[in-house]
Structure formats: structure tokens, C-alpha cells
Amino acid sequence: MKRALITGITGQDGSYLTEILLDKGYEVHGVIRRSSSFNTKRIDHLYNQEELLDHRFFLHYGDLVDTSNLNRLLEKIEPDEIYNLAAQSHVKVSFEIPDYTAQVDALGTLRFLDAIRETGLKSTKFYQASTSELYGKVQEVPQTEKTPFYPRSPYAVAKLYGYWIIVNYREAYNIYASNGILFNHESPRRGETFVTRKITRAASRILIGTQDKLVLGNLSAKRDWGYAPEYCEGMWQILQHDKADDFVLATGETHTVREFVQHTFSKLGVELEWKGEGAKETGIVKSIDLERNKKVFAKKDLVNGITVGDTVVEVSPNYYRPTEVELLIGDSSKAEKELGWKAKTKFEDLVGIMADADFDLVARKGY
Ligand code: NAP
Ligand code: G4F
């Protein structure tokens, strides 16, 4: 039985990857951080399955800033594959905590690689969660594995170190270490402060009347948004390749934040019109047709928060970033050719999956 170690197991990707690896028959070990309240809600459904707990699913306390802990975990578990997904992953927050972000996202990666080197685990394979944020102020459209990097945030600069230390340890010590350069990928498990989830959650709450407005930053930023479970399958495929290498995973389509908002409301039966520009731009309810979405229509009696003419979207410069990434669009033809990986879920379907899931949740819980 293959043994995998996942850092960041409590995050969006960690939870999907755990399901995928358990399904493939792996023994899965996850690193969790001590927290003053529960932080395992994305994996509780797995942790509560007794047959898994006995034999194939184990959680260990740890932190990427604690070198001795990482060494101990490697010595004890001797994993065949390591997926390093742990990170301070919020770009805007990285401007507030740049030192911590570097400690975890840059040096955390180095600590792990060094632990592999010191414990002499020669055949362990290492996956690094690299990111399309490396391209930042993009030097080429679309972005490929060969596009030069131009990071635009402390997060991206820290991940740039992570990227290059992977390449360096691969070349210097012959460690099997690969970068997955993943473009944005989303799901109903996405953290609530990332823009997609913020939008689908707010739109549902606005419909039901527990929130008045959705306040956002840059509506014109463009992202290449895919569906997270497919990208986590791609992480596994990257480590099954005969040699360590770096791969872009992306959909090849790009959309603005504004389009994400528009499609979310539309999916829930509400058409918006946009007025004004920049920080004065607003999204106003133009029409409502709840029958368009079966889930919403079935709970029509709960929809009492919205009327034609309401302003439901506003902009606040508080959400602007000191330096922004305006456009991302990836070309993953190398992954398609060498790994057989291709994104399947289209933008509108992704928006639908997330809007439906959040509407269900909000309708069930009332907030
Ligand atoms: P996420 O939901 O924010 O999850 C981050 C995980 O890292 C959580 O489990 C978190 O634990 C853990 N973590 C944070 N700091 C840690 C530390 N010091 N020590 C140990 N664990 C720590 O992120 P995600 O969306 O799943 O992304 C997974 C990885 O892919 C991240 O490295 C991210 O930067 C990268 N990435 C994401 C995307 C994307 O679009 N999602 C795209 C490219 C790259 P807690 O639950 O305790 O906070
Ligand atoms: O959802 P976001 O915060 O994601 P961002 O910055 O693209 O980063 C995510 O994807 C990266 C891959 O490219 C990962 F490496 C990273 O870990 C993370 O998962 O913001 C997307 C866009 C930005 O341009 C932002 O300025 O949405 C814009 N935006 C507009 N209003 C907002 C908001 N972002 C957030 N979080 N909140 C807003 O209110």
C-alpha cells in the first residue's frame, strides 16, 4: 500500500486530494495545525469513518515553521509521496503578514526538502503547490511552463522561492520534486474570503435577506477559474510521471470578477445591470425569474430579500491590492500531452455548482 503525506489537509485542496488518494487505496497521513476551535470540517466526513481511521487515515499535529516536527514526521511515516499544500494562501493577506507568509510558503518548502535530504528518503516523491500568481504582471498570454515570472505580492514572491528551491533540489540532489503551477481552482469548499466563494455565498444570502449587499474590490481582474477536484487529480498525475517536472494546470479560459458576479446572480434567477465605473460601479437588480433554477424555485418562500431596482453590488477600495494581477490565462497543453490531464468543467458550470451549493447551505441554515 502506498503511503502519502499531505500538508494543508484541512484546506480546500487537501480535502479533495485525501478523498482521491483514499479511493486509490493509499494510506493517507495529514498534517493539521493546533487551533483553538475545530479546523477539520472539510475532512470530518472522512475522519469519522472508523474503517479508515483504524488502517488508512491518520492525522498528525505539525506546522511548516517547525523543522524538528517535519523531520520526525518523515522518519515516522516514511511516505512514498508528499503533497505540500500547506500555505498562507491569501494574496491580499500576504501584504499584511509578509514575513509569516515567507516563513511558511518559501522556507516551509525548503525545510521539507532538507528533511527529505537528511532522513535519506531517496525514493520519496514531492509535490509542490506552485501557482499562477508567479506570472503576476504577465509577460506572455497565455502563460505556459516557459513564461517568465513577475510576482506581484509577498505571497507570489514567497511561492517563487518555493518554485525555484524545488528545481534546485531536484538538480542538486536528484530528489524527485515537481511543481504543479496551478491556476485558480474553486469549489463549494473554497475558503469564504476568496472572491468566488464570497460571491456565491453573498448572492445566496442577499436572495434570502440575511445580507444587503456584496462589496468587492477590483471587478475587472481576470482569472482562469477551474474546478478544484479535477486539479487535485492532476496533482496525483504529476507525481505518477516517470520523471520529476513542472506542469501548468489551467482551463485556457479567462473571465472577469464582474462576469463571475453576473453569472452567479443569473444562475440564481436574478439579472443585474451595471452602472458607473471604478469605485463608483454598482450592480442593480434588473429582473427576477426564480423559476429558472429548480433549487431556488423549490425554496421560493424563503426568497424575500430582493426587489427590482435594488443595488446589490458595490465596490470598496478597501479590497484593492497594492499591486494587482490583472490577467491570468493558462495553457496546459504540456499536461495534456504528457499526463493526459485536461480541465473538464466549464466556467458557467463551475459557477452553477458553487451557486447551487451555497444557496442550499444558506437556505438550510438561514445565514
Ligand atoms: P487553503 O484552503 O487556504 O488551505 C491552506 C492549508 O494550509 C490549510 O489546511 C491550512 O491549515 C494550512 N496551513 C496554513 N499555514 C500552515 C502552516 N504554517 N503549517 C501547516 N499548515 C498550514 O488553500 P487551497 O486553496 O487548498 O490551496 C492549497 C495550496 O495550493 C496552497 O499552497 C495554495 O497556495 C496553492 N494554490 C492554490 C490555488 C487555488 O486556486 N486554490 C492555486 C494555486 C496554488 P488551517 O486549516 O489550519 O488554516
Ligand atoms: O479569489 P482571490 O482572492 O484569488 P487570487 O488572488 O487570484 O489567489 C488565489 O489564486 C491563486 C492562483 O492564481 C492562488 F495561488 C492563491 O493561493 C489563491 O488561491 O482574488 C481573485 C481576484 C483578484 O484580482 C482580486 O483583486 O478577485 C479580485 N477581487 C475583487 N474583489 C477580490 C475581491 N478578491 C477577494 N479575495 N475579495 C474581494 O472582495
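Listing for the model above:
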| quantity | calculated |
| --- | --- |
| Residues of segment 291-329 that turn out to be under 22 Å from residue 273 (Cα atoms), within 16 Å of ligand 2 (Cβ to nearest atom) and of a type in the set (S, T, N, Q), as a count | 1 |
| Complete set of residues in segment 356-365 that are out of contact with any helix residue (DSSP H, G or I) (no Cβ under 7 Å at 6 or more places or on another chain) and under 19 Å from residue 198 (Cβ atoms) | 357, 361, 365 |
| Residues that are more than 16 Å from ligand 2 (Cβ to nearest atom) and in a helix (DSSP H, G or I), drawn from segment 1-50 | 18, 19, 20, 21, 22, 23, 44, 45, 46, 47, 50 |
| Pairs with Cβ under 7 Å, 6+ apart, first in segment 62-75 and within 17 Å of residue 88 (Cβ to Cβ) and within 14 Å of ligand 1 (Cβ to nearest atom), second in a loop (DSSP other than H, G, I, E, B) and not small (Gly, Ala, Ser) | 63/33 |
| Failed item, numbered, when residue 180 is tested on (1) within 16 Å of ligand 1 (Cβ to nearest atom); (2) in contact with a Pro (Cβ under 7 Å, 6 or more places away or on another chain) | (2) |
| Where residue 8 falls short, out of the listed (1) at positive phi; (2) within 14 Å of ligand 1 (Cβ to nearest atom); (3) loosely packed, with under 14 Cβ neighbours inside 10 Å; (4) of a type outside the set (Phe, Trp, Tyr) | (3) |
| Helices (runs of 4 or more DSSP H) completely within segment 253-339 that count 1 or more residues being surrounded by fewer than 13 Cβ atoms within 10 Å (Cβ to Cβ) | 294-298, 333-339 |
| Sole exception among (1) at pLDDT 95 or above; (2) of a type outside the set (Lys, Arg); (3) part of a helix (DSSP H, G or I) for residue 138, by number | (3) |
| Candidates 120, 108 - the one that is farther than 27 Å from residue 254 by Cα and touching a residue at least 12 places away in the same chain (Cβ under 8 Å) | 108 |
| Segment 176-199 - residue that is surrounded by fewer than 21 Cβ atoms within 10 Å (Cβ to Cβ) and assigned to a loop (DSSP other than H, G, I, E, B) and, of those, nearest to ligand 2 (Cβ to nearest atom) | 194 |
| Every residue from segment 340-355 that is more than 13 Å from residue 197 (Cβ to Cβ) and outside any loop (DSSP other than H, G, I, E, B) | 347, 348, 349, 352 |
| Yes/no for residue 105 being at pLDDT 95 or above and either in a loop (DSSP other than H, G, I, E, B) or surrounded by fewer than 20 Cβ atoms within 10 Å (Cβ to Cβ) (or both) | no |
| Residue in segment 50-61 that is farther than 30 Å from residue 99 by Cβ and in contact (Cβ under 8 Å) with a residue 40 or more places away in the chain present | yes |
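The values are calculated or read from the model by the stated rules, or taken from the named source; none is laboratory data. Predicted model, so just to flag it, every value in this text is computed and none were measured. For neighbour counting, all protein chains shown are included, and Cβ atoms are generated from backbone atoms with ideal geometry for every residue, glycine included.
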